[in-house]
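What follows is a single structure, written as structure tokens, with notes after it.
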């Protein structure tokens, strides 16, 4: 075996075989809403509580429907648009799949 067969995994702090690390990287973390349903690009979601939007000076009310979401690299956030707010990022803990 050579030194190239092992790769240092910063998350676990261990040296792992390169093949094992590559297999783990292939798995994509699922994006789940507040109820545990899997979200995908283009889904519509409903807010589960009132949210004050920083910088917009407005509050999105519970039950507001947000259409055409986009998933981000962070599994806890979704990128979306509302009629009056462009470039809105919501945390998945505050939405439920419609």
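Miscellaneous remarks
- Against the list (1) closer than 19 Å to residue 36 by Cβ; (2) part of a strand (DSSP E or B), the condition residue 52 fails is (1).
- Hey, residue 79 surrounded by 12 or more Cβ atoms within 10 Å (Cβ to Cβ) and either within 30 Å of residue 6 (Cβ to Cβ) or free of Cβ contacts under 8 Å to residues at least 12 places away in the same chain (or both) or not: yes
- Tally of residues being touching a residue at least 24 places away in the same chain (Cβ under 8 Å) and assigned to a strand (DSSP E or B) across the range 82-98: 5
Only the coordinates and a few stated rules stand behind these numbers; no lab work does. Remember, it's a predicted structure, so these values are computed and weren't measured experimentally. Positions of Cβ are backbone-derived with ideal geometry, glycine not excepted, and every protein chain shown enters the neighbour counts.
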